[in-house]
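All remarks here apply to the structure that follows.
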Amino acid sequence: MKFTCSVEINRPKAYVAEIFSDSSLLKHFQDGFKEKEHLGGDPGEAGAKSKMIYEKLELIETIIRNDLPDEFIALYEHKHMTNTMKVNFESLSENVTCYTSEIEYTKFNGLMIKFIAKLFPSMFKKQVLKWMNQFKIYVEHH
């Protein structure tokens with residue numbers, strides 16, 4: 001399953017990317033986020049691994065490419081699913097940035113999650129768009 005979401009943010013690209021790359025701010029726009037625990041590699045660089053801890057789940061993030069402020073690509077692994085996320089930031093004008101996130105789920109483990117993904121694929125896109133809009137609000141107001 002693959003989908004793309006985009007939002008326009010009324011801030012310069014460099015500022016948007018700076019906020020995006022600061023994991024200490026995730027709690028402000030990702031519901032249930034608690035902490036990001038570095039596991040290995042150079043933080044923020046390709047190959048770096050981190051455990052992302054939320055109230056209801058834990059993910060392992062492996063950075064594939066970090067070319068911010070332009071692009072960020074990472075792999076996310078959870079016991080029930082695996083996906084990649086490719087983020088692009090594009091300047092539409094001096095103070096407007098297009099934030100695009102392309103998500104591709106490559107693996108679902110377990111009958112229930114396979115069933116949910118098959119019958120309700122929009123649920124996954126809706127969650128990504130929710131967090132992107134919360135990010136937009138945070139960036140525009142801070």
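The values are calculated or read from the model by the stated rules, or taken from the named source; none is laboratory data. Fair warning: this is a prediction, and the values are worked out from it, not measured in the lab. When we count neighbours, we look across all protein chains shown, and the Cβ atoms used for this are built from the backbone with ideal geometry, even at glycine.
Brief remarks on what is shown
- As a summary of the residue check, residue 35 satisfies the conditions (1) in contact (Cβ under 8 Å) with a residue 60 or more places away in the chain; (2) surrounded by fewer than 17 Cβ atoms within 10 Å (Cβ to Cβ) except for the one numbered (1).
- Against the conditions (1) free of Cβ contacts under 8 Å to residues at least 24 places away in the same chain; (2) surrounded by 14 or more Cβ atoms within 10 Å (Cβ to Cβ), residue 69 satisfies every one except (1).
- Within the stretch 72-122, restricting attention to residues that are of a type in the set (S, T, N, Q) and over 22 Å from residue 7 (Cβ atoms), the residue that is surrounded by the most Cβ atoms within 10 Å (Cβ to Cβ) is 82.
- Any hit, the stretch 49-60, residues being within 18 Å of residue 138 (Cβ to Cβ) and surrounded by 13 or more Cβ atoms within 10 Å (Cβ to Cβ): yes
- Residues of the stretch 44-86 classified as farther than 20 Å from residue 124 by Cβ and modelled with pLDDT under 95, total: 1
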